[in-house]
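The values are calculated or read from the model by the stated rules, or taken from the named source; none is laboratory data. All of these numbers come straight from a predicted model, not from anything done at the bench. For neighbour counting, all protein chains shown are included, and Cβ atoms are generated from backbone atoms with ideal geometry for every residue, glycine included. Side chains are part of the model used for accessible areas, which takes the heavy atoms of the whole protein and leaves out ligands, DNA and RNA. Shrake-Rupley method; radii C 1.70, N 1.55, O 1.52, S 1.80 Å.
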There are 2 protein chains.
Amino acid sequence: MPIVIDHINAAAMSGSHGTPYGTVTDAAIVIDDEHIAWLGPRAELPSSYQNIAPVDGQGAWALPGLIDCHTHIVYGGMRAGEFEQRLQGVSYEEIARRGGGIRSTVAMTRAASLEELVDSATARLVELRREGVTLVEIKSGYGLNLETERKQLIAAGQAAERAGVDVRRSFLGAHTIPPEYDGNADDYIDLVCDGMLPALAREGLIDAVDAFCETIGFTPAQTRRVFETARAHDLPVKLHADQLTNGGGAALAAEFDALSADHVEFCDEAGARAMAAHGTAAVLLPGAYYFLGETQKPPIDLFRRHKVSMAVSTDSNPGSSPTTSLLLMLSMACTFFRLTPEEALTGITAAAQALGATPDHGTLTPGALANIAFFNITQPAELAYHIGHNPCVGRCYRGRLSLDGWPS
Amino acid sequence: MPIVIDHINAAAMSGSHGTPYGTVTDAAIVIDDEHIAWLGPRAELPSSYQNIAPVDGQGAWALPGLIDCHTHIVYGGMRAGEFEQRLQGVSYEEIARRGGGIRSTVAMTRAASLEELVDSATARLVELRREGVTLVEIKSGYGLNLETERKQLIAAGQAAERAGVDVRRSFLGAHTIPPEYDGNADDYIDLVCDGMLPALAREGLIDAVDAFCETIGFTPAQTRRVFETARAHDLPVKLHADQLTNGGGAALAAEFDALSADHVEFCDEAGARAMAAHGTAAVLLPGAYYFLGETQKPPIDLFRRHKVSMAVSTDSNPGSSPTTSLLLMLSMACTFFRLTPEEALTGITAAAQALGATPDHGTLTPGALANIAFFNITQPAELAYHIGHNPCVGRCYRGRLSLDGWPS
């Protein structure tokens, strides 16, 4: 029996309603098993659904379940101590000498049991879920050896299942050079391409392949090798690109028809043009911009001009973006990067694109999965206006409705 | 019968333990009726308390209940639409012409019933309470006539009682010039000083008097009149000072022994020196800095050098800081203003000072009110490290323990 929810306003985030945000006021939505069957003005509810006792939406706004398309949410340990040391004036070099930085996360992730990783990641995913998130991308990249990268990807799947969110897993073996390969980046890339990637792909643990192309990461040539290996395994790619310098990362990503180029603060016009031509989305990560005190903002006007899809994500990770609030990232995308609230929310759809997850995810459209977030707001812009406030009052996940916060 | 809580770590935020944050590890705390009776290492629990079955703190960290010492949390309406218009490129002037800006909040606050103001403010205060806040300052200033200023101050008291937090009420009649006094600021100040302030003081609705001294607010001479009136009524003062320009506001506040000078981005060395000499705390408001996209940061080094107490607060208001997360403000104070986490948390004590609420509030000290926040963290710095995360698992408010989020 389908579920009918009425007395809602819907921001369908699809063009088919011809309104900002794809808004349908005084709407009804019909959910049939795992999918959306119908959405429209309540007065136009098809007669076949009119004999179903509706759930009273009490004026809540329904949006497509939010999507966090760039996270490193599976890791061991936590780095508040390092945060404190930096503010006390300890240099990055000294912190690294004391064993801090990303290598401390690698060490703690290697040392953690699968169960510990699943537990801590589940707690973080539950925080995202509470804001209405229904789909999360999770990267490996704190293992940097086959055993630990596998453990991370398995933990990602188990944590997502426990938290009740859909997941896409990205293999990020080319995140940084592990200590045992110091000075031998090319040898490590051999391991990534010849050892880890084929094995993990064979085990069905990889949905996409990511890399960190940067002066402090891997070179374009090394990135290209990773991408060619991904292509040989029929896996789509994405890239941490142009975050700290303009290294042509966005263009390289586009050349491989990447799903997304992420960070992209230093992306230039050639990069934006290439992304548009290849359908590569720009993933904006204002949490890292904030936490690292960056000043270079992504070239939003270029992306607008060239019609590059823009998604907004948490980059949830312990070193540069310790956050599990996607709604706060909407605020920051508007406040730091001057996106309009509609652009920031259209990022839900762009995030689905950045995960190759359309048309199942990202809009409230008949045929799409019934992944829906309900908010106690008076207009969609409120989701970006409030700072650190969560008005999510309910969620529908694959057709299962949970209305914990519903006003009674 | 006293309550004993053991298996906690305490960050007492007092100097008496000789440790950073006033930390006592493996601590016990004894609560007798509304007050803290004892705090120390569990092993040293006095024998008189040893026959009491303790509450198991399960490793949580106990801190003095958080204090939000600068809010405008009672108001009508909401300004997400204006936020959206600004990002769409509509100018401030055009927004004002359409009836937006602070005057729209004044109009909506005047139009709101007392019950509506209490309801909406209670919901916001509950969000602060969930983060461990136990004391909140609330300003009037959206009424700008006797009737509505009174309604705001009454609503502040009722909302605080409903939410279960202590409150201090500040009269901010001199917030902005109401439309009916356009071009007659001095006449409006007459009304503030001769009409509103005496009446509301007589009714016991005022704990302190605040003003907005700024090129777009009131002049130093007008502010001085307000402060002299406050002094005549034996009321302490505080000031919105030096937010947009250096107008000597901090020094003016200090001259009147103000509890605090707030914002103070443009405060100079003379201002800092005067504040130190008069025990005037600096209240830092990173939410407004963030939301308004300001670039001038408060002179933290000057405040450090001259030993000015620094508090951190939300400035919760619909126009320039729509937030109800004090923990996020700790993050922003560290990330934007480079406070250390210990400085940001010492702001709890400074906030008590800024409200004239020491020694009852602000530290975990025998004799202080048993207003305590419990957090599921491994070190105090975590409270400033996470972005948009609330690890509060319980609260003690005037001796009443509520451990909703306690791990079971």
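Quick look at the numbers
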item: Relative pair counts by distance (%), Cα atoms of segment B:62-147, 10 Å bins; result: 16, 38, 31, 14, 2
item: Where Rh is the Kirkwood radius over Cα pairs, Rg/Rh for the protein assembly as shown; result: 0.98
item: Heavy-atom surface of segment B:66-355, accessible at 1.4 Å and reported per residue (Å²); result: 33
item: Of A:37, A:254, A:12, the one that fluctuates the most in a GNM where chain A has Cα springs shorter than 10 Å; result: A:37
item: Solvent-accessible area, 1.4 Å probe, carbon plus sulfur percent, for chain A; result: 50
item: Solvent-accessible area lost in complex, 40 Å² minimum, residues of segment A:78-97 relative to chain alone, 1.4 Å; result: A:78, A:80, A:83, A:84, A:87
item: Within the protein assembly as shown: Cβ-based charge dipole about Cα centre, in debye rounded to nearest 20 (Lys, Arg +1; Asp, Glu -1); result: 60
item: Solvent-free Debye scattering, log10 I(q)/I(0), computed from the Cα coordinates of segment B:342-388 at q = 0.17 Å⁻¹; result: -0.57
item: Positions from segment B:282-313 whose accessible area shrinks by 20 Å² or more when the full protein complex is built, not the chain alone, probe 1.4 Å; result: B:290, B:291
item: Among A:393, A:55, A:165, residue whose mean-square fluctuation peaks in a GNM of chain A (springs only between Cα atoms under 10 Å); result: A:55
item: Charge dipole magnitude, Cβ of K and R +1, D and E -1 - chain B, Cα centre, debye nearest 20; result: 320
item: Sparsely packed trypsin sites (Lys or Arg not before Pro) within segment B:76-114, loop by DSSP, other Cβ within 10 Å at most 16; result: B:98
item: Relative contact order [Cα under 8 Å, 6+ residues apart], chain B, whole percent; result: 18
item: 12 Å beta-carbon shell around residue B:322, net charge (K/R +1, D/E -1); result: -2
item: For segment A:288-359 versus segment A:1-19, the gap between their alpha-carbon centres in whole angstrom; result: 24
item: Cross-link pairs beyond the 30 Å C-alpha cut-off, checked among B:151/B:297; A:307/B:297; B:238/B:297; A:297/B:297; result: B:151/B:297; A:307/B:297
item: Kirkwood estimate for segment A:269-408, i.e. one over the average of 1/r between Cα atoms, Å; result: 16.1
item: Candidates A:244, A:128, A:153, ranked by Gaussian network fluctuation over chain A, Cα under 10 Å, top entry; result: A:244
item: Kirkwood Rh (inverse of mean 1/r, distinct Cα pairs), chain B, angstrom; result: 21.5
item: Chain B: calculated mean residue ellipticity at 222 nm from DSSP helix runs of at least 4, using -39500 (n - 2.57); result: -10000 deg cm²/dmol
item: Which of A:383, A:260, A:250, positive extreme of dipole for segment A:249-408 (C-beta unit charges); result: A:383
item: Of B:179, B:314, B:358, farthest towards positive along the dipole that unit charges on Lys, Arg, Asp, Glu beta carbons give chain B; result: B:314
item: In segment A:134-236, GluC sites (Glu not before Pro) in a DSSP loop with at most 14 other beta-carbon atoms within 10 Å; result: A:203
item: Those trypsin sites (Lys or Arg not before Pro) in segment A:306-406 that DSSP places in a loop and that have at most 13 other beta carbons within 10 Å; result: A:307
item: Size of the A/B contact, given as accessible area buried on both chains, probe 1.4 Å, in Å²; result: 3400
item: For segment B:267-330, diffusion coefficient by Stokes-Einstein and Kirkwood Rh (Cα), 20 °C, 1.002 mPa s, µm²/s; result: 172
